[in-house]
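Here's the structure we're looking at; comments come further down.
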Amino acid sequence: MLSVARTGVASVKNSVRSVSALATRDVLVKGPHAEVSELKNGLRVSTENNGRPTTTVGVWIETGSRYENESNNGVSRLLEHMVHKGTGKRSEAQLESELSSIGAKLVSETSRDHTAIFVQSASQDLDSAAIEGEKKHLLSALEEAEEDHMGVVMDNLHAAAFQGTSLARSPLGNTNGIKSLDASTLKQWQADHYRPVRMIFSAVGGVEHGKLTQLAEKYFGDLSNSYPGQIPHSDGVRFTGSEFRFRNDNVPHMYGAIAVEGVGHGHHDALALRVASQFVGQWDVTHGSSYNAPSKLVQQVSHGYNLHAFQNFSLNYKDTGLFGVQFICKGDSLDDATSIARWLQHEWKHLSSAVDEEEVNRSKNALRTQLYQALETNTQKAAFNAKELLHTGGVRSLVDIEDSLEKLDKTAVREAVSRHVYDRDIAASGVGRTEAWPNYANLRYGMSWWKL
Amino acid sequence: MLSRLSVRAQSSAAAAAPNTLASAFDLRSSRLTSGLSVSSVDLNQPIAHLAIAFRAGSRHQSATEAGFAHRLRNALGGDSRRAKGLTMLWQAGAIGANVHATADRENIILSMSFPRSQASLGASLLSELAQPSLEAWELEDSLDTIKSDVAHLSTYERVSQLLHEAAFRNGPLGQSPLCGPHNTGSVNYRKLQDYAASRLVASECAVVGVNVDHGELQSFFAERAFIQENKNRKEQASSSYHGHGESRREGCSTGVAVAVAGEGPSLGGDAKRLAAGAVAATIAQKVLSSSSVFYQPYSDSGLLGFYVESVADGTTAAKIKDSINKFKTLETSVDESAVQGAKAATKVAILTKADKGAELASSLASSVLSPSRDLHSPSDVAALVDSLSVNDVKEVARLAGARLSLGALGSIRHVPYLDEC
């Protein structure tokens, strides 16, 4: 550090460059890579052997709320939960005891465009008493989810931004939808969706590809690809500039999100937008840095506007996405809320036309830390590999990602933000004390007007 | 600078052949002449994690130094004697680093994650950030953060503090790791500087690097880092578990939160007992499925217990009573099959947790500073868990159930007294 303080940044950069010979990229080149093969019935098997003593094995299925309609909204999640109730070959108790004897846990989740079930395969037989029980569970989970204000903000944001399309629906389902579900709907859903071409069998840990392929052949090899029902399809995508406010003054703060339409998972601007998102950054009141933070936005908004937290996001679905910021503020002043939005939009406009090479490099490093750190565990990497396969048809190695990240420069970031953010329509969503929510038209002007 | 929207944590795994990690997990450790210990492991991952830990947590505060550990933690990131805090934070930002400071009852830990190419700059920033100058104006700047930390305390943290007061009374472990609500104002900076001068020193310090070169890290801290040497070492006061104590605070909510615990194994004791504690906790979680079980070993004592938060109504008292009785008789649930299952689950939990480099670095740093100074790799710990007998676990469960302590917050009229259970 002494050398840093005395001789300035230049010498540090040189010394860093000299060590980088054995650095980040080399590790990625040497690191374990995913092997992918396909069974006869179209099921794809992806494994990555990192020699660790633990392994995550799971199935990722292309299903989820974007394939549902108003009357069966919630069916993907209900079916996913039914997996825990045992299968045709094993009862719930058997399943639990067999898994716990090897220390394993069955985990599952459903989002808008996929369901993931780890460790054990999907169920074949469905018992209607168990379905009723699980429906009650989901309805109470739905009530609990309303207490997660930021979760509601993001659900409402989707409902507004993608209104009239299937992406608007929440994976949590809706009360009427869940109540009307029965065993035959579930079975139909399973028959339509849990098909080998829509499934990825993904494993990361101390596993051999050959052994996993044999297992996949044994347990999934008999699934057929014929469709007695209909091939599931999701409607097209349409982004609508709009606003969704849910005012509830009993909530102590204003929770909100503002976003433009982002890009799909495989889009060539996806990485540039994630870099841009990192530039916006995140902050909350418990952070040690405010005036002195290494981000212009944090310096501006952390004081004086009663802001409690903000966080960037850049979500990618298969064919579209959302790029924006979520925030929590006190919600007692229209001026405060408007100023926070202004500063945020100022950063976006800066990104579209004036961001410089140094700023881009900082954001690229921040993205490296976030991206690679989020792939350290077996489960995270297995999910990454599976979603890559589902969305793009192949698994990009981290070296490829590192190389495309390395190539990104200020021009790429400026162009991506100009294309997707500057002067684009916005979707806004507010929950809680939204009386002080900024005027929509004003916000929309702020996407291009510098003097606002 | 802290990343919060990480991928949702999920644990699931199947046990594979043991010892495959042993070769990959090459844990190295060296002690410098200054007393500072440097340990590292290279898992060949792209992100490097560094942690520097000092035995400076709240248990080391004297009666007149309440809240100093919290203030010290929040002052990290300010100026040091040699460099400006602003410059250091911007340099940390330039290499994409997440900087995180935590303070618990034992240690203050400053940790950093960044792309491994930047290791040399990262190490120098970390060592310098960990030696704050604590000038009066620096402390002034962090006053707001102290207040908001206290305001944002979770119910669990508040109840946990009540439990510690009941369990350890006026002993060092009874002190809160954070400032109390009455105690968030300004502080005499000279006293805080004295505290830092006696605690943020080489002999009380451990550095751990994950995914860095051991030789480079060691030579940096041996030759170029400025960690103060110790001048007047204070002996650490010991804290013993009392039990049969209760600390209850009426709150305005309609719910109630209760933490109940008994004496658990300590970090200074036998490593086998420490592992047995983890297995006992796994069994307790299965028995008490509606509460969350916690296991917190300290250097000379420990807690093993459960926490439950619920709406207060007519049935609450009976439910809590039932849980307390189940926990008292935990020993009877410890049999061959329960231990087998719990051992497997504990091993997977230990090994899965070690996959997260940032957590690994902090937890290794804490174990270097524990009295036994044993540094176990996660696979060693897993092997230790494997070697446990039913009696080892039974003994820990018996001790935990023998003398309980209780902390409660909220509608405490719904919480039975321990001697009524």
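Two-decimal Rg/Rh of the stretch B:173-214 from alpha-carbon positions, Kirkwood Rh?
On the way: Rg = 15.6 Å, Rh = 13.6 Å.
Answer for the stretch B:173-214: 1.15.
Count the lysine pairs in the stretch A:35-220 whose Cα atoms lie under 26 Å apart, taking only pairs 8 or more positions apart in sequence or on different chains.
So the count of such lysine pairs works out to 27.
Report the trypsin sites (Lys or Arg not before Pro) located in the stretch A:176-259 that are in a DSSP loop and have at most 14 other Cβ atoms inside 10 Å of their Cβ, or state none.
Details: sites: A:179, A:187, A:198, A:211, A:218, A:238, A:245, A:247; in loops: A:238.
Sparse-neighbourhood loop trypsin sites (Lys or Arg not before Pro): A:238.
Just the number, please: percent antiparallel of the DSSP beta bridges in chain A, rounded to the nearest 5. Mind dumping the intermediate values first?
On the way: 46 of 58 bridges.
Around 80 percent antiparallel, to the nearest 5.
Report, in debye and to the nearest 20, how large the dipole of the stretch B:11-223 comes out about its Cα centre when Lys and Arg carry +1 and Asp and Glu carry -1 on their Cβ. Write out the running numbers ahead of the final one.
Values: 17 positive and 20 negative charges, 71 e Å.
Its charge dipole is roughly 340 debye.
Would you jot down the residues in the stretch A:20-50 that end up with at least 10 Å² less accessible area in the complete protein assembly than in the chain alone, with a 1.4 Å probe?
Output list: A:20, A:22, A:23, A:24, A:27, A:28, A:30.
Accessible surface of residue A:291 in the full protein assembly, 1.4 angstrom probe, to the nearest 10 Å²?
For residue A:291, the solvent-accessible surface is approximately 150 Å².
How long are the three semi-axes of the equivalent ellipsoid of chain A, in whole Å, if each is the root of 5 times an eigenvalue of the C-alpha gyration tensor, listed from largest down?
Values: eigenvalues 306, 184, 74 Å².
Taking √(5λ) for each Cα gyration eigenvalue gives 39, 30, 19 Å.
Would you mind telling me the share, in percent, of accessible area of chain A contributed by carbon and sulfur at probe 1.4 angstrom?
Values: 9240 of 18690 Å².
Heavy-atom surface of chain A belonging to carbon and sulfur, 1.4 Å probe: 49 percent.
Using the crude model of +1 on Lys and Arg Cβ and -1 on Asp and Glu Cβ, and no other charge, please compute the dipole size for chain A relative to its Cα centre, in debye to 20. Don't skip to the answer; put the middle values down first.
On the way: 47 positive and 54 negative charges, 194 e Å.
That gives a dipole near 940 debye.
Could you work out the Rg to Rh ratio of the stretch B:219-345, with Rh taken as the Kirkwood radius (inverse of the mean 1/r over all Cα pairs)? List each step's numbers first, then the result.
On the way: Rg = 19.7 Å, Rh = 17.5 Å.
When Rh is taken as the Kirkwood radius, the ratio is 1.13.
Considering only protein heavy atoms, what is the solvent-accessible area of residue A:279 at a probe of 1.4 Å, reported in Å² to the nearest 10?
30
Using modelled amide H (1.01 Å from N, peptide plane; none on Pro or chain starts), what sits under 5 Å from the amide H of residue B:48, excluding residues fewer than 5 places away?
B:114, B:116
With a 1.4 Å probe and all protein chains left in place, how much of the accessible area of the stretch B:274-381 comes from carbon and sulfur atoms, in whole percent? Walk me through the numbers on the way to the answer.
Values: 2350 of 4210 Å².
Answer for the stretch B:274-381: carbon and sulfur cover 56 percent of the accessible area.
Counting other Cβ atoms within 10 Å, which GluC sites (Glu not before Pro) in the stretch A:137-173 have at most 13 and lie in a DSSP loop?
Working: sites: A:143, A:144, A:146, A:147; in loops: A:146, A:147.
Answer by residue number: A:147.
Would you kindly compute the Cα radius of gyration of the stretch B:97-217 and its largest Cα-Cα separation (Dmax), both in Å?
16.9, 48
Of A:401, A:326, A:377, which is farthest along the charge dipole of the stretch A:300-452 in the positive direction, counting Lys and Arg as +1 and Asp and Glu as -1 at C-beta?
Farthest along the dipole direction, towards plus: A:326.
When ligands, DNA and RNA are left out and all protein chains stay put, how many square angstrom of accessible area per residue does the protein assembly as shown have with a 1.4 Å probe?
Numbers: 35860 Å² over 873 residues.
On a per-residue basis, 41 Å².
As a test of the definition: which semi-axes, in Å, follow for the stretch A:35-220 when you take the square root of five times each eigenvalue of its alpha carbon gyration tensor? Largest first, please.
Values: eigenvalues 170, 73, 54 Å².
Taking √(5λ) for each eigenvalue gives 29, 19, 16 Å, largest first.
Do me a favour and compute the ellipsoid semi-axes for the stretch B:246-420 from its Cα gyration tensor, root of five times each eigenvalue, largest one first, whole Å. Could the numbers behind the result be given before it?
Numbers: eigenvalues 180, 64, 42 Å².
Result for the stretch B:246-420: semi-axes of 30, 18, 15 Å.
Please compute, for peptide A:337-343, the average count of beta-carbon atoms on other protein chains lying within 10 Å of each residue's beta-carbon. Walk me through the intermediate numbers first.
On the way: counts 0, 0, 0, 0, 0, 0, 0.
Mean inter-chain Cβ contacts per residue within 10 Å come to 0.
Can you give the calculated 222 nm mean residue ellipticity of the protein assembly as shown, where each DSSP H run of n ≥ 4 adds -39,500 (n - 2.57) and the sum is split over every residue, rounded to the nearest 500 deg cm²/dmol?
Values: 33 runs with 366 residues, N = 873.
So the calculated ellipticity at 222 nm is -12500 deg cm²/dmol.
So what's the projected area for the protein assembly as shown, the Cα convex hull averaged over all directions, in nm²? Don't jump to the answer; show the numbers that get you there.
Numbers: hull surface 136.8 nm².
Seen from a random direction, the Cα hull of the protein assembly as shown projects 34.2 nm² on average.
Need one value for A:287-298: mean number of C-beta atoms belonging to other chains within 10 Å of its residues' C-beta atoms.
Numbers: counts 6, 16, 11, 4, 2, 11, 6, 10, 4, 0, 0, 1.
Neighbouring Cβ atoms belonging to other protein chains average 6 per residue here.
Can you tell me the orientation of helix A:149-161 relative to chain A, as the angle in degrees between its alpha-carbon axis and the longest Cα principal axis, to the nearest 10?
Approximately 90 degrees, to the nearest 10.
For A:334, B:125, A:223, write out the residues from largest to smallest accessible area, computed with a 1.4 angstrom probe and no ligands counted.
Values: A:334 90, B:125 0, A:223 40 Å².
Ranking A:334, B:125, A:223 by accessible area, largest first, yields A:334, A:223, B:125.
Helix A:128-145 against the longest principal axis of chain A: what's the angle in degrees, Cα atoms only, rounded to the nearest 10?
Helix A:128-145 and the main axis of chain A meet at about 10 degrees.
Hand me the trypsin sites (Lys or Arg not before Pro) from the stretch B:177-269 located in a DSSP loop with no more than 16 other Cβ atoms within 10 Å, in residue order please.
Details: sites: B:190, B:191, B:199, B:224, B:231, B:233, B:234, B:248, B:249; in loops: B:231, B:233, B:234.
Answer in residue order: B:231, B:233, B:234.
Given a Förster distance of 41 Å, report the FRET efficiency between residue B:219 and residue A:358 from their Cβ-Cβ distance, rounded to the nearest 0.05.
Values: r = 30 Å, r/R0 = 0.73.
Computed FRET efficiency for residue B:219 and residue A:358 comes out at 0.85.
Starting from the Cα gyration tensor of chain B, take the square roots of the eigenvalues, sort them a ≥ b ≥ c, and report rounded, prolate or oblate (rounded when a/c is under 1.5, otherwise prolate if a/b is larger than b/c, else oblate). Please report the intermediate quantities before stating the final value.
Numbers: a/c = 1.88, a/b = 1.27, b/c = 1.47.
Note, shape of chain B comes out oblate.
Calculate how large, on average over all directions, the projected area of the Cα convex hull of the stretch A:242-445 is; give the answer in nm² to one decimal. Kindly include the intermediate steps, with their values, before the conclusion.
Working: hull surface 47.3 nm².
Over every viewing direction, the Cα hull of the stretch A:242-445 projects on average to 11.8 nm².
Rounded if a/c is under 1.5, else prolate if a/b is larger than b/c, else oblate: which is the stretch B:128-185, with a ≥ b ≥ c the root eigenvalues of its Cα gyration tensor? Before the final figure, lay out each step's value.
Details: a/c = 2.56, a/b = 1.76, b/c = 1.45.
Since a/c reaches 1.5 and a/b is larger than b/c, the shape of the stretch B:128-185 is classed as prolate.
Would you list which lysines come within 29 Å of residue A:407, measuring only between C-alpha atoms, while excluding same-chain residues fewer than 8 positions from it?
A:13, A:30, A:296, A:318, A:349, A:364, A:381, A:387, B:356
Note the angle between two axes, namely the Cα long axis of helix B:189-199 and the longest principal axis of the Cα atoms of chain B, as a number of degrees from 0 to 90, rounded to the nearest 10.
80
To the nearest 20 Debye, how big is the dipole of chain B about its Cα centre, given +1 on the beta carbon of each Lys and Arg and -1 on that of each Asp and Glu?
Working: 41 positive and 42 negative charges, 45 e Å.
The dipole of chain B has a size of about 220 debye.
Which residue, B:366, B:172, B:381, has the largest displacement toward the positive end of the dipole of chain B when charges sit on each Cβ (Lys, Arg +1; Asp, Glu -1)?
Highest projection toward the positive end goes to B:172.
Any idea of the total accessible area buried by the A-B contact, 1.4 Å probe, rounded to 100 Å²? Can you show the working numbers first?
On the way: alone 21460 and 19850 Å², together 35860 Å².
For chain A against chain B, roughly 5400 Å² becomes buried.
The values are calculated or read from the model by the stated rules, or taken from the named source; none is laboratory data. These numbers come from a predicted model, not from an experiment. Neighbour counts are summed over all protein chains in view; Cβ atoms, including those assigned to glycine, are modelled from backbone coordinates with ideal geometry. Ligands, DNA and RNA are excluded from the accessible area calculation, which covers all protein heavy atoms including side chains. Shrake-Rupley method; radii C 1.70, N 1.55, O 1.52, S 1.80 Å.
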